[in-house]
């Protein structure tokens, strides 16, 4: 096969007109949702309602309704928190890191992935708030002068977490909104409804597509990408510090930060890939979110999955090499102990199955990649479960060992978190353009002037 | 009413709009702008725009954010509320890096965006003359537009139309201000808005009052100071005898609490118990401190009963008498442990070792008050 690598292949298939891009992307916003949408949102709404009931039970009766017990103070609450924060990482990676690397295929999926980041971090943020027991007092997580005269402990990783996650949420939201402004202006100019026009006018701030603005806008996008790149790496690093800075066997390891970041990107990409498979099908975006894009995402899943697998194996090597009998016991206990089933679900879903993506046919087969993506997320959820539960149930002091099992309320809140995430996602699909109109136009073949014959960046 | 704002022209191809911008610069227009549905590469050069200064804004704000975070944490940890945590210094720089980094990123990205939107772009501006024109509808979708503003020094309606025709612009049209845009009155002072502000203020205050004074004291909201708990010496219905305080389980001994076997047997104590401590300097110093605290109020600093309680309390016999000198250490220990006459037991105030050091100090007092030639 001969490919001319001097000419960049357009990431958008065919050469759709700008007007057709507008029509296609704003179609979900201008048409009445069909029956499938209502079926989908009633399913996610039911899940959300179950979650709301379980949260109400937790708030009313306290944390005693959860499965947490004396050695396992961090049960499902922290497992779910780490899982959801991880899901968010794909969005920032796509919108910031791939932007800095000039990966044009990101344009079709960036907006959607950023939206998923915001919803995932919102979902994640609920868990620590509930886990503190009195979710109406979270103001004390943020240092402020108060009548008690006390401040937060600035050298605690848990306080770093508060700063990292809230900064991550705010910056992601700003990044997302900045990207939306030109699209909202386009929608404002094409809508006929009066209320819609008012809403779009307010949120587009009166954007005029002026080149004197575009110039600063592009610079701002670059600056935000430059800030978001170390930020996204710092967030899961700090989440891993919650574990790594403690002295629990199995947690107190320096490999945690890179291993957590790779795992977060891994699970996030799997989630984005899963959802995009539906979105591109339902709204006929196959030529914007192309199979090539999905294949590239699968390659990233393969890379990060291999990094995670390397980390799993390296943990065992270091446990053996450290000569620390407690550390060695913890790892043997993970593989053969009472939670070995969880370990093997994690290991097979995260390390073994994604290796199938080495085969090009599998990378380009939508049903298989969907199943593998689901498995990756199952595996990544169990990774957090294994890390939290196996270390805590069997720590240094055998007399305090105890078994951990979640209660129905725990499972209900987990289900509700998926309900919240997907409900927000469905509402997002119907209210805002899920593909960046202005960015996609800019990468269509012929959209940029060819004055010297060489593609000008 | 019909004041001219600008003359606009549209183009189909990105190459054409680049040429149009170059031509506008060449003709000497300065108050013009190009509108494109997405940023067209090379346009900044064609318009000869200076590089964006946003990077410097972000740099300055980021440095200020970092400095603020570090200063705040230094002030809080070392001046306002110094606290030793984990034996670390008050200002452990490496452990403060994560928060410094997060505050830097947060302030730099959020404030730079706000400065770009509100200072650089002067947004929100929904009453700009270009809004709701056919021109705007095209440039936000599929065409590229250029407009020359009426307040350009080179502006002449006729010439500008000619210029746009020369560069093959399509749909050349004039944009006028409408009434609302010519109205310079501040809308902030409209009575409607002021009424809205007052209503919002009242509503907000009522809500805050309700939340802080009522809502937070309804279930399920509870606070640690009023949660269900057992208070000593209070009635508690959990146990059958309604006592909240419990006696030790029969036949058990609390940690560190050795039973005293000589309660009614002072002579036995004097004969059997032996001082386990050596009269070292440290022990004597400890004994002096404990003696001065617990014994000296009645017995006096010298053990002779010349105390600050004299006249208000029966004077105890001197500790330096031959009788007490002849007692064994265990016999004196017994008095501290079990009390004697009006003197109560000091077993709750002192530990076993402390009592023995007090005995040693009393021995030292006895010798000092009955010093011989050889001392």
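FYI, it's all coordinate maths here, none of it is from the lab. Note that the structure is a prediction, hence the values are computed from the model and not measured. Glycine gets a Cβ as well: all are built from the backbone with ideal geometry, and neighbour counts include every protein chain shown.
Kirkwood Rh and Cα-based Rg: tell me the resulting Rg over Rh for chain B, rounded to two decimals.
1.41
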Rounded to one decimal in nm, the spacing of the 7 Å Cα→Cβ label points at residue A:402 and residue A:291 is 5.5
Which whole-angstrom value gives the distance between the alpha carbon centres of the range A:378-457 and the range A:161-222? 23
Rounded to two decimals, what ratio of Rg to Rh does the range B:185-246 give with C-alpha atoms and a Kirkwood Rh? 1.50
Under 15 Å from a label point 7 Å along Cα→Cβ of residue A:142: give me every residue in the range A:165-195 with its amide N that close. A:165-171
Mind computing the radius of gyration and Dmax over the alpha-carbon atoms of the range A:78-213? Å is fine for both. 18.9, 56
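Return the calculated 222 nm mean residue ellipticity for the protein assembly as shown, to the nearest 500 deg cm²/dmol, obtained by summing -39500 (n - 2.57) across DSSP H runs with n ≥ 4 and dividing by the residue count.
The helix contribution divided over the protein assembly as shown gives -18500 deg cm²/dmol.
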Calculated FRET efficiency, residue B:204 and residue B:71, Cβ-Cβ r, R0 41 Å, to nearest 0.05? 0.80
Taking only Cα atoms, what is the 0 to 90° angle, nearest 10, from helix A:18-30's long axis to the longest principal axis of chain A? 50
Would you kindly state how much longer the chain becomes between residue B:250 and residue B:158 on full extension, computed as 0.36 nm times their sequence separation minus their alpha carbon distance, in nm to one decimal? 22.0 nm
Taking the alpha-carbon centroid of each part, what is the distance from the range B:233-291 to the range A:250-264 in angstrom? 52
GNM flexibility winner over chain B from B:324, B:119, B:103 (Cα, springs under 10 Å): B:324
Evaluate E = 1/(1 + (r/R0)^6) for residue B:151 and residue A:192, where r is the Cβ-Cβ distance and R0 equals 51 Å; express this FRET efficiency to the nearest 0.05. 0.95
Can you give me the C-alpha center-to-center distance between the range A:31-77 and the range A:328-345, rounded to a whole angstrom? 29
Zone reached by a paramagnetic label modelled 7 Å from residue A:321 Cα along Cα→Cβ, restricted to the range A:239-269 with backbone N below 13 Å, covers A:254-255
Contour minus Cα-Cα distance for residue B:257 and residue B:325 (0.36 nm per residue): 21.5 nm
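Taking neighbour counts of Cβ atoms within 10 Å as a proxy for exposure, in what order, fewest first, do A:395, A:161, B:168 appear?
Listing A:395, A:161, B:168 from fewest to most nearby Cβ atoms yields B:168, A:395, A:161.
What percent do you get for the relative contact order of chain A when only Cα pairs under 8 Å and 6+ apart count?
Working: 590 pairs, mean separation 146.9, N = 457.
Rounded, it is 32 percent for chain A.
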0 to 90° range, to nearest 10: angle between helix A:107-131 axis and chain A longest Cα axis: 30
Taking the Cα atoms only, what angle lies between the long axis of helix B:54-75 and the longest principal axis of chain B, rounded to 10 degrees? 10
For residue A:42 and residue A:353, calculate 0.36 nm times their separation in residues minus their Cα-Cα distance, and state this gained length in nm to one decimal. 108.7 nm
By counting other Cβ atoms within 10 Å of each Cβ, how are A:306, A:322 ranked from fewest to most? A:322, A:306
Distance histogram in 10 Å bins (all Cα pairs of chain A, percent per bin): 4, 19, 29, 25, 15, 6, 2, 0
Need one number: convex hull volume per residue for the range B:86-181, Cα atoms only, in Å³. 210
Where Rh is the Kirkwood radius over the Cα pairs of the range B:4-182, the temperature 4 °C and the viscosity 1.567 mPa s, what D in µm²/s does Stokes-Einstein return? 65
Could you tell me the largest-minus-smallest coordinate of the C-alpha atoms of the range B:278-348 on each of the three principal axes, in descending order and whole angstroms? 36, 28, 21
Gyration tensor over alpha-carbon atoms, the protein assembly as shown, equivalent ellipsoid semi-axes in Å: 73, 34, 26
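With r as the distance between the Cβ atoms of residue A:19 and residue A:362 and R0 = 51 Å, compute the FRET efficiency 1/(1 + (r/R0)^6) and round to 0.05.
Computed FRET efficiency for residue A:362 and residue A:19 comes out at 0.85.
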Relative frequency of Cα-Cα separations exceeding 19 Å in the range A:320-437, percent: 65
Order of B:138, A:430 under a 10 Å beta carbon neighbour criterion, fewest first: A:430, B:138
Could you tell me the convex hull volume per residue, in Å³, taken over the Cα atoms of the range A:229-323? 103
